[in-house]
Amino acid sequence: MYFDLKGLKLAIIGGGDPCVEILDHLTGPGLKDMGIQVLMVADTIDIVRGIVRAKELNIPTANDYNAVCDLSGLDLILKLKNDELLSCILEKVNSERMSIIDLDNYGAMSFINYLKAETEKIRIRKRIQTRDMCKEEIADLFERFSTRINEIAENRIAYLEEEHRDLQKMEKELNQIIQGSMIPTFIINNEHMITHWNGACEELTGYPAYELVGTDRQWAPFRSAKRPTLADVVVAQMDEKEVHKYYGNAWRKCKIINEAYEVEEFFPHLGENGKWIFFTAAPIKSPDGKVIGAIQTLRDRTEDKKAQEEIELQDQELSKLHEKYKKSEEKYRSLFNENPNPIFIIDSQTFEILDVNHRVQENYGYSKSELLGTSFLEIGEKTDDTIKQGMQGLTQGGSMLFTKKRHWRKTGQCFFVNIKVVKVVFSHRDVLIASTTDITESVEKETQLIQAGKLATLGTMAAGMAHEINQPLNVIQICADLIQKMVKKGVAIPDDELVGMAKDIIENVARASGVIKHVRDFARQSERDLKKLNINDPITDVFKVLGHQLSVHSIEKTLELSENLPQIRAEHNRLEQVFINLVTNAIDAMDEKASKTQEPVKKMLTIKTFAKNGYVVATVSDTGVGMNEEVKNKIFEPFFTTKDTGKGTGLGTSISFGIIKDYSGTIDVESVEGEGACFTITFPAIKIGKN
């Protein structure tokens, strides 16, 4: 490091500790006569010692490196700092006009020793020039200068030895890292000689390191004749045309490492069946940016290639399957949409509608987009929880039929459907497939049949109704006659008697009115409107119209109606019709038994209600003629009757069976011929908290 300091104009980048010592020497008395000018000290940190010292010496400072480049008349830039930004900034400097010295710690120390030596030389020269000196004094000055030079040399040698030891240590560590790496790796120097060939590389290629290290035979494991490896391409800094000559279109620039290359090739002679090898080569550079070697890594991609080929084959198979599936899906989508019944695909957890066929849109009047995401329960009776409970209880592959359920179209029009629900797996998720069948016409016909049954029942009830109305009319008549006679005789009627008769008239008018209203309500055609009710209520109302019938036929009745029964979901009017049918049938059965014997027959009608295991149960038993097995098996068939011609239609028990089934109930019969019969009706109770 030798250059002329006289009149030197310089700037320093980096305000660390070396900067302070350099400033002190350059501005000190020893080099004052050299006319050295420090034009600026720059560092991004204002509080470093070099910046502080420069300010004390009235030397301009800057925290922007560009300010140094803008200085005019500059001869030298001392770069004491390693900063990535500096490389880009200093590229703008005219290197022909000024010099840039990049000093690491050792370089800074050498520069400081150079300044010290120059200072000492100037001091000695001045002493020699200003006075006469004897040989001894000159020898003494020379000895002292030589000692100073030796000290500098010894310091430099010590530093170099320390640096050499560090380099040896680093090289040893590098060797250990390379040798210990599981990635096959080799390194060449700038003369294309192999310096490292690790164990993983030996295992992959079958070539031991001792045969190759120190040679330029890095091509040998891969080629039959000498040809540049990718590492050689990097060291030689070949242009792209040359690289293409050796590797064709197989090579590419590495996206991660600058100036690195990648290539993948198949080598049939490696291993038993050949190997696919993926190479990456990157340059090794000196601190000044010169390429001094290259490192090449190898990766066996044979298994990856096999897997890729298998994946490609699978993709081809999947593509074929996809085409088949697409055609199959189109076929089933066509069947789905053209099905004569509306079909809903429903989420098994939330009951949200996931898909519908065209029939849904036609029958319900909604567009597909309006239905998707809404609950299937929204298009039916929200208060009917039987559908929700039933669907929640379905297992995989299970199905359930819900009959005579009320649904609404978009227009608000009500219609009746049977719903068949199946739980399946569709598109890797559990779903419910619900198909609805419009049965509105059959429900209307059934309603007409039930109404006809009611009217037939009213015919048998006529005598009882006449008695129920005649009794209050007789009381009214008696009270009216008495009042009329008293008035004609001019006899004053005591107030308490008049009030009593008025009260009797009012009560009996109400009684007669109630009977008439009840008969009118019973006769009226009712809509299917399920409500919560206590089963005891329709049973009690039966005897408002049949009470006298039992008396006329000498029948004793026993009602054992349990209190605090759970409610059921049904229609009062229709349930009353069921119990009227059962009671009138019981009366006929007991009369038939009495007609077959001359002996007195005890006629007993017993009705009980009670709760059992989440159900409400009602039993109607009699002491009539009973039934044999043949009659029991046909009792609920339409138009089947055991009564004489003209006395029965054969619809009563059939209609009753249909009504009970509509309310999710069951009816069973137990009977011994000649001893009577017992009908048991069971309905599911409404759970507490359900609407």
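The values are calculated or read from the model by the stated rules, or taken from the named source; none is laboratory data. The structure displayed is predicted, hence computed values, not measured ones. For neighbour counting, all protein chains shown are included, and Cβ atoms are generated from backbone atoms with ideal geometry for every residue, glycine included.
Taken over the range 213-235, the criterion of being farther than 20 Å from V291 by Cα and crowded, with 20+ Cβ neighbours inside 10 Å is satisfied by P221 alone.
Of the residues E497, E563, E527, the single one that is in the same structural domain as K603 (by TED's automatic domain parsing), part of a loop (DSSP other than H, G, I, E, B) and at pLDDT below 70 is E527. Kindly establish whether N82 is surrounded by fewer than 18 Cβ atoms within 10 Å (Cβ to Cβ), touching a helix residue (DSSP H, G or I) at 6+ places or on another chain (Cβ under 8 Å) and not β-branched (V, I, T). Against the criterion (surrounded by fewer than 18 Cβ atoms within 10 Å (Cβ to Cβ), touching a helix residue (DSSP H, G or I) at 6+ places or on another chain (Cβ under 8 Å) and not β-branched (V, I, T)), N82 does not qualify. Restricting attention to the range 273-297, and to residues there that are farther than 16 Å from K253 by Cα and among the small types (G, A, S), which single residue is surrounded by the fewest Cβ atoms within 10 Å (Cβ to Cβ)? Ranking the candidates gives G289 first.
The rows are residues; the columns are (1) more than 54 Å from the chain's Cα centre (by Cα); (2) more than 25 Å from Q179 (Cβ to Cβ).
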position	(1), (2)
P208	yes, no
V213	yes, no
D216	yes, no
F222	no, no
T229	no, no
E240	no, yes
G248	no, yes
C254	no, no
A260	no, no
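Considering the range 40-105, the qualifying helices (runs of 4 or more DSSP H), each wholly inside and each with 1 or more residues that are of a type in the set (D, E) and modelled with pLDDT under 85, run over 84-90.
The residues of the range 601-613 that are modelled with pLDDT of 85 or more and either buried (at least 20 other Cβ atoms within 10 Å of the Cβ) or more than 57 Å from the chain's Cα centre (by Cα) (or both), listed by number, are K602, K603, M604, L605, T606, I607.
Exactly one residue among N66, N58 is in contact with a helix residue (DSSP H, G or I) (Cβ under 7 Å, 6 or more places away or on another chain) and among the polar types (S, T, N, Q), and that residue is N66.
Being surrounded by fewer than 17 Cβ atoms within 10 Å (Cβ to Cβ) and touching a residue at least 60 places away in the same chain (Cβ under 8 Å) is the filter; apply it to the range 398-428 and report the residue that is nearest to the chain's Cα centre (by Cα). The selected residue is F426.
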